[in-house]
Each structure stands twice: as structure tokens, then as C-alpha cells.
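**Q** My questions all concern the structure below.
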Amino acid sequence: MSDIFVSSGLPVDRNKIAKSLSWTPRTKSWTGEIGDLSWVVTRVDDPALWAPARDPESGVCVILGGRIAPEEAGWKAAEGLPYEGGLACRLVLDHWLRGGARAVESLNGGAQMIVIDEKKRELHCRTDRMGFYPAFTWDAGGFLLCSHPDVAAAALEDAGRPCDFDPVTMAEFLRTGTATHPHTYWHGIRQLDAGTRHRFEFGSPAGLRESSVYWRPANVEGAWLANRGEIVERLAGALLSSVRRRTLPRLGKVALLLSAGADSRTALFGANEPSAVNCFTFYDEVNTEFTNAKKLAGIAGAPHEGYQRGKDYYFEHAPEAVRITGGMWSMDSAHYSGLLPRLSGANFGVVLTGCYADYLFKGLAYNRRRRSVHGKTFPLYTLCDVQHQFYQPFASLSDEWTGRVTERLDRRFAGLAGGSDRTAAAAEFLRLSPIVREADAAGRLLLRHTAAFDPFTSDNDVLEIAGAMHPSQKLNGVPFGMAVERVTGPRAKEVLNNNYGAPVGASELTRVTSFLLSSLKRKISGQGGGQPFERDPNSVATAGSWPYFPRVIKFSQRLRDWRSALPGAQEDFLFGVLGEDRRRWSIEEWADRDHSLFMRLYTASLWLSQNPGALGRVRAVRA
């Protein structure tokens, strides 16, 4: 979508930074300099809409990371504004000049807004409500803002201010699949909090002067939204409005990564013109997920393309995916890497997915367990006491490194104990803010840096509801499904939610009944768990969207070649963290014993290879 870089008090090569933040041949860049303040913006979308804007009279400039999502009336109003630049930034600029920080906070969408006031020598930065846009900063004798921590680290090194590598953050990634906010792989480079405003001064001396919070979800401290009927009605309206704002004709052609679940079909049937949405579905082998996604596209009258992955798909594209995403998230979620040239070549103005609905509306960030009767589990959940491990599996590390990671987690979640509703909501917020750090982030970050990606879940109206819902209404995602059913209408109802084999708007009882009937049918037909890889030893396919990674790993010669050529310094560091016993594991043993940790290990190794000086700059380890 876009990348940004701003610095003051540092000598920087703007052209070099623009090149570093250009991930595709289609990328356009803008640069500027005001005294010792330098800025760079790169984007892959329409400059007429998204280029930086400036008011010559006031000397105020606006640059935008990510996207705002005004109504069509807002876009039309921007056309008449007397400023230079893209319409979106003109609109932000007008709000700022009329009402300052509070005025721009009312603007909608997952964007980082930067306002540069040349006359006052001030820079104002606003992060979006839940941190959908990656915003990193450094502030130590000057300041820097950047959407990619590795690019920030490279710029600081070029300026004679190199950052040390933070091995605890990598240990966190290996153990948990991500790292606690605000840490990065670089000491001194941290992620900004979501829902905050910041004021910097540039010139001499340059630095951060003040920060404050402008938005937090209501359910952490305030009133609950607990009435299911009200939730469904309000959420259906918010989802529909959000998708329509993001599929306005002026934004250009729409691409949708479509599955047979609930989330992405919301974007298809909620679009202003569903038949004009270009749908893409990944698959390893044609399965129910693929055929039902194709049916959904057919019901909408929309074009549909399948994208079949080869068995080495993830490893073939992994080095570039690590470079683009920053290597803090596992490559087994870098699903879209092979599709990026297709999305880029077709010049789509908007790319939509169903991303983040699971986190915001289906309880994925809670500690929960499946309900069971007489040892039989069902696809319904109940809350558990708060503990560090939740959705993604935690891996064991050596005792020393486990302790360091636990110290960080303890600090992040200090004071949260027990299983109360309020505690669950507080833990959920800490896990999801900024949401771009979630453990499946690699795929979303690929889209965010290289395509016109605009998640409809970043809409202000959607977040107000997600941030107020009682845990009981999120825990199983039932109200969300009912809201989606209203958005998609009766035409799509016949296509079941592939995740449960039940209608999208199913109640808890209907979901359990459908689950039991499906299990019984598989038992009678001898299909076992219904997974293609169970029936065919040469298959890597599952019944869902993504492959069966233990077998993907076993089949890969690339991985064997990587493991045999692993540099000694990397091997010593990584297995010092993981434990020496794992150093002897074969690829087959990794696949059978801990394929998730193996994918994290592989990702970390690729990042270390791309940042060869990191291990030589390890500060005395601290949590």
C-alpha cells in the first residue's frame, strides 16, 4: 500500500531510502526536505488520490501511511480544496487547518497521518485506532519515523548511529510467533502505540515533545455491548458501510482474496458492485473450500481465478517475503507472496481480504478452551484464566532464554490474572494493539507493503463495535456470522461456512448439530478427519485454505539445502536459544515434532542472512 520515512537531526540519503521502501516495479515515490527534516513516501496506488499534499500559504504538509476511508461526499469536497497533492491528503490537511489534532482523529481508516508545520517547526503524528499501519520510531538525539524497522536501522547506520541487535526479541519470536509490543529486532527502534498522537519538534534540538492517547476500546474500562440483537444490527450496518466506502468507483478496480468462510464473503457481497469484484482463491488441490469460493463468486456474478500453489511455494518465495515483512513473523503465514506479481500487474485500486475478523469478533485473542461432553469436543468455546499462551503455540526454549522471554511477557500483562470478563477484554486489547503485530502478520504485511490493501475491519464504525462487545458475544463468533448473513443476503446462504459446515449465520445449536452430522458422515464413509493429506501420502492439501505444513516441510529439498548450509554463527546462536538437543534433528524430525517452531527457525535464519552484521552487534542481553 504505502511506506513512509521521516527524520530530523540525521544526515540521510532520501533517494536511497526511497529505493529501500520500493518493493515493486509499480512503486512511486515522493521526497521532501524542510531544513534538517527529510521525508520519503512510497506508494503503489493512484497518486491523484494518495500523494502527499501541501498548503503553500500556511506551509503545512501532510503525508499519509495507509489509507483513510471517507464517504464519496468527502472525496468530492477534497476536489474543491485549494491545496496541492492527492485528494486524501488534501482532506486531512483541510481537517487539520480547520480543527487541529482532534479534527483529523475523526477521519476514518487504518492510516498513520503525519502533519508537518514548516513555520512552527513541528511534526504531528497520529497512529490509527488499533495499529493497522506499522509505525516505528527512534528518538535519541534527533528522531526518525518509519514504516519498516529494518529500513530505519539501515538509515541510522548510514547516519553513523548504528543500532544493536536485540536477541531477546528474536527469542520471543521463536517462542511465541511474534514479540511483545513495542520491541523490534533493533534496540532503540520501537513501535508506536495505536490510537495515539505525538508531537515532535525539528531543527535544533529535534525530538519527541509529547504523546497522548485519543482512543481506547470501551470494553476495557467502560460499558459493555452485550445485547446480541443490537450487536448484529449495528455490526451488519457497520460492515456494509465499511466495504462500500472501500469499493467506491473512484478508487479503481477491486481485488478480493476469497475463501468459503464468513469474513471475505462480506467484502464480496458488501461491495458497491459485487459483479465487478475480481476474486482470487488459493488452493493446493481442488477441495470444498475452493469450489464453495467459486460458487460464491458465481452467485455474485464476479470473475474468479484459482491460484494453485506448488509444494515448495512458501520456501520459493520466503527470502523476498522476509525482506519485505521484516522477519518478525513466520513464513508459514506469508500466503500471498506468489500472487503479488498478479495483483501488481493488474493495477488494482483496492485489495480486500477478510483479515482480522477472527481477532476482533471471534475471540481468537482470548484464553479459551473447547467445550466437551464425555470427551467429545465441539466447535464452541468457554473462557479460561489469562495466561501467556493463547492462539499460537508456544515453543520451549533453553531455560535461560525462556526466562528472558517470560520477563517481557510478565511486564506486558502485569496485573492480569484470573478469568473475569474484564480481565479477558484487557488481555485481548494488549494482544491486539497494535494489531499489525499479531502472529499471522507476515501475509498482511506483504499486502500492506506491495498492494493497495485496505482491510475493512479497520473502519472506525467497525472498531467501535468490536471495542465494546462483551466477551460472551465474541467468544464463538456467532453474532459476527449473523451480521455477515445480513450483509450477504439470501443468495449466498446456500454456501455453507467451510470452517464449520454450517450456514454463516448459524446459532450455537445449529453449529454443533452441523458439526456432529459432518463427523458422522465422515465416519460412515471412512473419510477419517476429511483431510486430503490423510488419504494420499503424496498430498499436502487440507480441507481448508492452507496446506499441511509437516508434509510440506518433509517434501522440500530447498529446506535440506538451507539446513546443510546454515552458517556456523547463526547455528550457534539459534540453537543456543532453542536448545542444543534440537541441533541434531533432521528435517523429518522437525516436521513430526514441531513444524511451527521449525518455520520460525527458518524465518529467523533468513532474516539473519539478510542482516549479516546483526550478530556482531549484540548488546549485553537484557529483557
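**Q** Evaluate the relative contact order of the stretch 2-213 (contact order divided by residue number), counting alpha-carbon pairs under 8 angstrom at least 6 apart; express in whole percent.
**A** Working: 465 pairs, mean separation 44.2, N = 212.
Value for the stretch 2-213: 21 percent.
**Q** Sticking with this one: At what distance in nm do the modelled label points of Thr291 and Ser420 sit from each other, each positioned 7 Å from its Cα along Cα→Cβ?
**A** Label at Thr291, label at Ser420, 5.1 nm between them.
**Q** Suppose R0 equals 25 Å; then what is the FRET efficiency for Ser106 and Glu79 from their Cβ-Cβ distance, rounded to the nearest 0.05? Show your work: numbers first, answer last.
**A** On the way: r = 20 Å, r/R0 = 0.80.
E between Ser106 and Glu79, to the nearest 0.05, is 0.80.
**Q** In addition: Would you work out the relative contact order for the stretch 549-616, in percent, from Cα pairs under 8 angstrom that are 6 or more residues apart?
**A** Computed value for the stretch 549-616: 43 percent relative contact order.
**Q** Work out the length of the dipole vector of the chain about its Cα centre, built from +1 on the beta-carbon of each Lys and Arg and -1 on the beta-carbon of each Asp and Glu, and round it to the nearest 20 debye.
**A** Value, rounded to 20: 1140 debye.
**Q** Can you give me the relative contact order of the chain as a percent, contacts being Cα pairs under 8 Å and 6 or more apart?
**A** Here the relative contact order equals 16 percent.
**Q** Cα centroid distance between the stretch 176-194 and the stretch 426-501, in Å?
**A** 23 Å
**Q** In addition: Taking GluC sites (Glu not before Pro) as candidate sites, keep only those in a DSSP loop with at most 11 other Cβ atoms within 10 Å, then name the longest stretch of the chain containing none of them.
**A** Between exposed loop sites, the widest span is 58-493.
**Q** Of the options Tyr381, Thr176, Ser605, report the single residue whose Cα projects farthest towards the positive end of the charge dipole of the chain (beta-carbon charges: Lys, Arg +1; Asp, Glu -1).
**A** Value: Tyr381.
**Q** Once you place label points 7 Å from the Cα toward the Cβ at Ala565 and Arg412, how far apart are they in nm?
**A** In this crude label model, Ala565 to Arg412 measures out at 3.4 nm.
**Q** Taking 7 Å along the Cα-to-C-beta vector as the label spot, tell me the Thr31-Phe555 distance in nanometres, rounded to one decimal.
**A** Label at Thr31, label at Phe555, 4.5 nm between them.
**Q** Once you have the Cα-Cα distance between Val220 and Glu273, take 0.36 nm times their residue separation minus that, and quote the gain in nm to one decimal.
**A** Full extension of this stretch gives 15.4 nm more.
**Q** Once the Cβ-Cβ distance between Arg228 and Ser204 is put in as r, and R0 is 45 Å, what FRET efficiency do you end up with, to the nearest 0.05? Could the numbers behind the result be given before it?
**A** Numbers: r = 58 Å, r/R0 = 1.29.
About 0.20, to the nearest 0.05.
**Q** Moving on. Along the positive direction of the dipole of the stretch 549-616 (beta-carbon charges: Lys, Arg +1; Asp, Glu -1; about the Cα centre), which of Ser586, Leu615, Leu559 reaches farthest?
**A** Leu559
**Q** About its Cα centre, what dipole magnitude does the stretch 2-213 give when the only charges are +1 on Lys and Arg Cβ and -1 on Asp and Glu Cβ, stated in debye to the nearest 20?
**A** Working: 23 positive and 28 negative charges, 33 e Å.
Here the stretch 2-213 has a charge dipole of around 160 debye.
**Q** In the chain, what % of DSSP beta bridges are antiparallel (nearest 5)?
**A** 80 percent
**Q** So, one more: Placing +1 on the Cβ of each Lys and Arg and -1 on the Cβ of each Asp and Glu in the chain, which of Ser8, Trp23, Ser211 has its Cα farthest towards the positive end of the resulting dipole?
**A** The residue sitting most towards the positive pole is Trp23.
Bear in mind that the values in this text are calculations on the coordinates, not laboratory data. Model, not experiment: these values are computed from the prediction. Every residue, glycine as well, gets a Cβ built from its backbone with ideal geometry; the counts of neighbours run over all protein chains shown.
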